[in-house]
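Take a look at the structure below.
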Amino acid sequence: MTKEEKLVVINNLTEQLQNYPHFYIADISTLNAEKTAELRRKCFENDVKLVVCKNTLFAKALEKVEKADADLVKVLEGSTSVMFAHVAKAPAVLIKDFRKSNDKPVLKAAFAEGGVYVGDDKLDALCNIKSKEELIGDIIALLQSPAKNVISALQANAGQKIAGIVKTLESRNN
């Protein structure tokens, strides 16, 4: 591979790292052509982009976008495939589902929701990770819950009692 070709690959990987906020580094080396095609199809269906690349070129792309965490660079050995995604847990769920019938892909590391996860043992944690939007939704639901309770209490028979108490308090102040 010439220097110009390497530069093109690095720039392409850099662009992917900038376009996708989350990426997973996996090993799919022992999958045959049929299984690899099946994995690529599942990636396409789940809006995950799968790219096979050279470790040194991916490390240089990581440096260009300032995501070259020491833990991420350490796992760049052997066969490397990178899964880019807009949703943090999408590749983890895909890997877990695909491994029900295969022994690969094996998760080497992941960069999801601003954190670095190293090792295949982090797969379950990544499957349960919540996106920023899901967390905001949970917080809004928690904040709405007490207000809903007060409103429902006011609308029920207790509302008449509260209104009576308020009238009594007002008459005492006058």
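The values are calculated or read from the model by the stated rules, or taken from the named source; none is laboratory data. Just so it is clear, the model here is predicted, and its values are computed rather than measured. With ideal geometry, Cβ positions are generated from the backbone for all residues, glycine too; neighbour counts draw on all protein chains shown. Just the protein is used for accessible areas: all its heavy atoms, side chains included, with ligands, DNA and RNA removed. Shrake-Rupley method; radii C 1.70, N 1.55, O 1.52, S 1.80 Å.
Per the listing 76, 17, the residue uniquely open to solvent by less than 40 Å² (accessible area, probe 1.4 Å), out of contact with any strand residue (DSSP E or B) (no Cβ under 6 Å at 6 or more places or on another chain) and either in a helix (DSSP H, G or I) or at positive phi (or both) is 17.
Could you grab me the full set of residues in segment 109-124 that are in a helix (DSSP H, G or I) and either surrounded by fewer than 18 Cβ atoms within 10 Å (Cβ to Cβ) or touching a residue at least 60 places away in the same chain (Cβ under 8 Å) (or both)? Walk me through how you get there before you give the answer.
Going residue by residue through segment 109-124, those that are in a helix (DSSP H, G or I) are 120-124.
Answer for segment 109-124, where residues must be in a helix (DSSP H, G or I) and either surrounded by fewer than 18 Cβ atoms within 10 Å (Cβ to Cβ) or touching a residue at least 60 places away in the same chain (Cβ under 8 Å) (or both): 120, 121, 124.
If you scan segment 125-174, which residues turn out to be under 30 Å from residue 108 (Cα atoms), surrounded by 11 or more Cβ atoms within 10 Å (Cβ to Cβ) and either charged (D, E, K, R) or at pLDDT below 80 (or both)? 130, 131, 132, 134, 135, listed by residue number.
Residues that are over 18 Å from residue 5 (Cα atoms) and among the small types (Gly, Ala, Ser) were ranked within segment 37-73; the one that is surrounded by the fewest Cβ atoms within 10 Å (Cβ to Cβ) is 70. Residues in segment 23-33 include none that are acidic (Asp, Glu) and not in a strand (DSSP E or B). On the given criteria, is residue 97 open to solvent by 30 Å² or more (accessible area, probe 1.4 Å), modelled with pLDDT of 90 or more and assigned to a helix (DSSP H, G or I)? Against the criterion (open to solvent by 30 Å² or more (accessible area, probe 1.4 Å), modelled with pLDDT of 90 or more and assigned to a helix (DSSP H, G or I)), residue 97 qualifies.
Please verify whether residue 87 is under 20 Å from residue 31 (Cα atoms), open to solvent by 20 Å² or more (accessible area, probe 1.4 Å) and either at pLDDT 90 or above or within 17 Å of the chain's Cα centre (by Cα) (or both), treating the condition exactly as stated. The answer is no for residue 87.
Going through 30, 2, 36 one at a time, which residue ends up being more than 24 Å from residue 72 (Cα to Cα) and of a type in the set (Ser, Thr, Tyr)? Write out each step before concluding.
Numbers: 30 fails: more than 24 Å from residue 72 (Cα to Cα); 36 fails: more than 24 Å from residue 72 (Cα to Cα).
From the options 30, 2, 36, the qualifying one is 2.
Restricting segment 20-36 to residues that are open to solvent by 50 Å² or more (accessible area, probe 1.4 Å) and hydroxyl-bearing (Ser, Thr, Tyr), which is farthest from residue 112 (Cα to Cα)? Of everything passing the filter in segment 20-36, 30 is farthest from residue 112 (Cα to Cα).
Working carefully through the options 9, 65, 93, 106, find the one that is in contact with a strand residue (DSSP E or B) (Cβ under 8 Å, 6 or more places away or on another chain), of a type outside the set (S, T, N, Q) and in contact (Cβ under 8 Å) with a residue 12 or more places away in the chain.
Values: 9 fails: in contact with a strand residue (DSSP E or B) (Cβ under 8 Å, 6 or more places away or on another chain); 65 fails: in contact with a strand residue (DSSP E or B) (Cβ under 8 Å, 6 or more places away or on another chain); 93 fails: in contact with a strand residue (DSSP E or B) (Cβ under 8 Å, 6 or more places away or on another chain).
Among 9, 65, 93, 106, only 106 is in contact with a strand residue (DSSP E or B) (Cβ under 8 Å, 6 or more places away or on another chain), of a type outside the set (S, T, N, Q) and in contact (Cβ under 8 Å) with a residue 12 or more places away in the chain.
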